[in-house]
Structure formats: structure tokens, C-alpha cells
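A short worksheet on the structure shown next.
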Amino acid sequence: CVSDIDAQRVLGYAIFKDGKSTKLSYPLENFPSDVAGRSFHHGRFIQKMREKAATLSNVKLEQGIVTSLLKENGTIKGVQYKTRVGQELTAYAPLTIVCDGCFSNLRQSLCNPKVEIPSCFVGLVLENCNLPYANHGHVVLADPSPILFYPISDTEIRCLVDVPGQKVPSVSNGEMSHYLKNTIAPQIPPELHDAFISAIDKGGMRTMTNRSMPASPYPTPGALLMGDAFNMRHPLTGGGMTVALSDIVLVRDLLRPLNNLNDASSLCKYLESFYTLRKPVASTINTLAGALYKVFSASPDPARNEMRQACFEYLSLGGVFSNGPIALLSGLDPRPLSLVLHFFAVAIYGVSRLMLPLPSPKRLWTSARLISGASGIIFPIIKGEGVRQMFFPVMVPAYHRSPPMA
């Protein structure tokens with residue numbers, strides 16, 4: 001589905017800070033040659049997936065807007081939906097997979113949605129320019145927060161400017177153009193500057209709220225919640241689709257041995273294992289996205305800025321110091337314990353920077369606040385993900401569920 005849509009191979013990240021840069025490539029040595037990231041126009045990819053699904057003999061594709069779930073005695077029996085011509089229809093199924101995205105209207109009865117909006121993205125498309133590092137996503141550690149660049153076709157580069165908070169400068173009255181040209185443009189790599197200004201002048205800027213929501217489902221007979229309707233993380237690291245596609249593979253494997261989906265309560269009990277089995281990949285990517293966003297954002301707090309500088313320098317060391325975090329970020333090595341070890345290794349590296357050549361009372365105090373700040377960033381995210389499910393999944397009874405007998 002990523003062929004014939006001008007999708008671009010992505011082999012890692014490049015990070016920029018204060019005029020310096022470092023390239024962090026995915027550790028792909030032990031993987032087949034086709035394993036790499038892909039970046040593309042999302043609409044093209046979605047259309048390809050729909051076309052692919054429609055070619056399968058056991059798939060009937062119907063398009064419409066689902067208005068409600070059909071519930072009977074606590075079990076979801078199907079959906080009510082409206083066709084393109086406005087006709088109200090119902091569709092019944094033993095299992096309804098609900099995946100209506102970040103603005104989901106259907107998740108309310110299937111989970112406990114605690115949605116946070118840490119920031120907004122302003123999106124632009126840069127044309128006919130080259131990224132400093134080909135086939136890499138670019139992260140600029142700017143003030144107040146990161147800026148992203150990545151290729152989406154042979155001639156286009158997507159730029160996403162993060163604006164903290166829920167309010168962005170107005171596009172219609174020119175505030176946004178002024179902000180991008182005067183605050184953001186001076187901070188981006190010079191190779192992209194002219195194309196960035198041209199994209200602003202051309203218009204077509206789009207804004208999107210960034211959402212974060214831990215997965216906290218109510219296991220419901222007859223339904224399964226997936227995608228951004230179920231679980232979201234800050235999109236800084238581009239991990240959303242990795243989590244969603246990983247979840248799909250897991251659900252496919254869980255459903256594969258079943259011959260009959262009609263016993264809704266038994267199926268629901270069996271599928272509870274999905275919520276634990278998904279944790280290594282999902283929690284690692286979710287936690288890293290939330291933690292990196294906070295670390296990569298500028299702050300008036302000296303301890304937070306020390307952590308930011310330490311993170312940039314730690315990743316710049318190369319070898320295990322960059323391969324480990326990048327393998328975590330990409331889902332190639334989804335080990336939550338490895339994530340925590342690298343995160344605190346960054347904090348300790350930051351403390352060592354402060355302690356050399358000679359510690360002073362001020363530096364000792366900043367070091368203590370750096371460790372405290374690092375703990376304050378990562379532990380609440382881990383708590384939201386679930387400590388036992390994340391680190392000790394085999395201790396969760398649902399982990400060991402076997403398929404119901406047909």
C-alpha cells in the first residue's frame with residue numbers, strides 16, 4: 001500500500017540545536033532490506049488500503065458516516081450509519097471494530113477518554129528544496145518547541161511547527177505569517193529557509209491540535225476500540241501509525257484461530273489479552289513521545305534546559321547511545337525497561353556535565369532539580385500507561401487467555 005503513492009523511505013532522524021546537528025539512523029543491520037520508515041501523503045495511503053481491502057473476495061466495502069453503535073443488554077450488535085445520499089441504515093455484526101480517529105464520537109461508551117491537548121501543529125508543505133540529510137526526518141530543537149521536517153513525496157517536504165498550548169496565532173489576520181517569519185524562520189536550517197518563506201507566502205497553512213490519551217478501555221462484548229479513538233500520544237515522533245498497525249497485526253493474530261465470533265462474552269474475555277499484549281510496543285512509543293516532547297521544548301527552568309542539552313549531546317555520542325533510543329522510537333526494539341534506562345542515562349549524563357570540572361552549590365542544586373524534573377516527566381506517563389502491564393505483563397491474568405472453543 002505504500003507503493004505507487006510516491007512514499008519516501010525514511011532511515012532515521014536528524015536533530016538540530018543552536019546551529020549544530022547530529023544524524024541518528026535506524027539500526028537496520030539485522031533486518032531485511034525493505035525495513036525502513038515511510039513518509040507520505042496520508043490520504044493517498046488510506047485510499048490504497050481501501051482499494052486493497054475491496055479487492056478481497058470476503059470483504060464488502062460500504063461507505064457512510066456511523067451515527068451510533070447498536071447496543072442490546074450491554075452488548076454491541078452493530079452500527080447505525082448514514083449513506084452518502086442521506087439514507088439511514090443499520091449493519092449487524094458479531095464484532096464491531098471502532099476506529100473513528102482522534103475526534104471519535106463513539107469512544108465514550110467503550111473507554112474512559114482523558115484527552116490532553118499539550119500543543120498544536122501548524123502544517124506547511126515546502127516545495128523543490130532538499131533536506132540537509134536525505135531520507136531522514138528532521139527535528140529542530142527551537143524556542144518555544146520543536147519543528148519537524150520530513151519528505152512526503154519526491155518534491156515535497158512536510159513542515160510541522162509546534163505551538164505550545166491550545167491557542168495558535170490567527171491565520172486569517174496575518175498573525176500566523178508574522179509569527180512563522182519572525183520567530184520560527186530564523187531558527188530553521190538555512191537550506192530550508194527560502195522554501196519555508198515561500199510556503200508561508202503561498203498560504204495553505206493548516207492547524208491541528210495535538211492530543212494525548214492513555215488507553216483505558218472498558219472491555220465491551222461485541223466491540224473493540226482501536227487507533228486514535230483508543231490511544232493517542234504526542235505526534236512529535238510520528239509513532240501513531242506504528243502503534244496502530246502493530247495493534248492491527250496483534251488483533252489479526254488473536255482472531256486467526258477463531259471459527260466463530262458469535263459468543264460475544266467469551267470473545268470479549270479472550271480479547272482482553274490484547275490490552276496487555278500490545279503494551280511493550282505501544283507503551284514504549286507512547287512514553288517516549290510524551291517524554292521527548294517535554295525534554296525537547298524550551299523552558300525558563302535552567303534544569304530543564306540542561307536536560308535538553310544533555311539529551312542532544314547524549315544522542316550525538318552515537319553507537320549504543322543513539323542506536324538504543326532510535327530503536328525504541330521506531331518500534332524496532334520495544335522494551336520499556338530499556339527506555340527507562342536510556343532516559344535516566346541522559347539525566348545522569350546531564351548531571352556529569354554540571355559536575356565537571358568543579359561542582360558548585362548552584363550546579364549541585366541544578367543537578368538535583370534535573371533528576372527530579374526527569375522523574376517528574378517520565379513517571380506520570382508510565383503511571384498512565386500502567387506499571388504492571390508495561391513492565392510485568394506476564395503477571396496480568398489476561399496475558400494468558402486462550403481462544404474460546406468454537
- Any idea how many residues of the stretch 330-366 are of a type in the set (S, T, Y), more than 15 Å from P280 (Cβ to Cβ) and in contact (Cβ under 8 Å) with a residue 24 or more places away in the chain? 2
- Output the number of residues of the stretch 308-324 satisfying the condition of being touching a helix residue (DSSP H, G or I) at 6+ places or on another chain (Cβ under 8 Å) and either farther than 20 Å from G37 by Cβ or open to solvent by 20 Å² or more (accessible area, probe 1.4 Å) (or both). 8
- Task: Output yes when any residue across the stretch 352-366 is out of contact with any strand residue (DSSP E or B) (no Cβ under 7 Å at 6 or more places or on another chain), charged (D, E, K, R), closer than 20 Å to R233 by Cα and surrounded by fewer than 17 Cβ atoms within 10 Å (Cβ to Cβ), and no when none is.
- Result: no
- Please determine, by comparing only the residues of the stretch 81-105 that are within 13 Å of L224 (Cα to Cα) and in a strand (DSSP E or B), which one is most open to solvent (accessible area, probe 1.4 Å). I97
- Filtering the stretch 238-288 down to residues that are part of a loop (DSSP other than H, G, I, E, B) and basic (K, R), which residue is farthest from the chain's Cα centre (by Cα)? R256
- Item | Criterion (under 19 Å from the mean Cα position of the chain (by Cα), in a helix (DSSP H, G or I), under 18 Å from Y13 (Cα atoms) and modelled with pLDDT of 90 or more) met by exactly one of L332, L328 | L328
- Item | Looking only at the stretch 225-235, and only at residues there that are open to solvent by 10 Å² or more (accessible area, probe 1.4 Å) and part of a helix (DSSP H, G or I), the one that is farthest from R401 (Cα to Cα) | P235
- Message: Can you find a residue that is under 25 Å from D247 (Cα atoms) and free of Cβ contacts under 8 Å to residues at least 40 places away in the same chain anywhere in the stretch 95-102?
- Response: no
- Residues of the stretch 80-94 that turn out to be within 31 Å of the chain's Cα centre (by Cα) and either closer than 15 Å to P221 by Cβ or in contact (Cβ under 8 Å) with a residue 24 or more places away in the chain (or both), as a count: 2
- Query: Could you say whether any residue in the stretch 45-68 is open to solvent by less than 80 Å² (accessible area, probe 1.4 Å), in contact with a Gly (Cβ under 9 Å, 6 or more places away or on another chain), in contact (Cβ under 8 Å) with a residue 40 or more places away in the chain and under 19 Å from G227 (Cα atoms)?
  - Reply: no
- Task: Kindly list the number of the only condition in (1) farther than 22 Å from A291 by Cα; (2) surrounded by 14 or more Cβ atoms within 10 Å (Cβ to Cβ) that fails for A142.
- Result: (1)
- With the condition kept exactly as written, say whether any residue in the stretch 188-203 is assigned to a helix (DSSP H, G or I), open to solvent by less than 40 Å² (accessible area, probe 1.4 Å) and within 23 Å of V79 (Cβ to Cβ). no
- Query: Taking strands (runs of 3 or more DSSP E) that do not extend beyond the stretch 10-70, which have at least 2 residues that are modelled with pLDDT under 95 and in contact with a helix residue (DSSP H, G or I) (Cβ under 6 Å, 6 or more places away or on another chain)?
  - Reply: none
- Selection from the stretch 21-44 of residues touching a residue at least 40 places away in the same chain (Cβ under 8 Å) and charged (D, E, K, R) yields K23
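The values are calculated or read from the model by the stated rules, or taken from the named source; none is laboratory data. No experiment lies behind these values; they were computed from the predicted model shown. Heads up, the Cβs are rebuilt from the backbone with ideal geometry, glycines too, and the neighbour counts pull from every protein chain shown. In case anyone asks, the SASA skips ligands and DNA or RNA and just uses the protein heavy atoms, side chains included. Shrake-Rupley method; radii C 1.70, N 1.55, O 1.52, S 1.80 Å.
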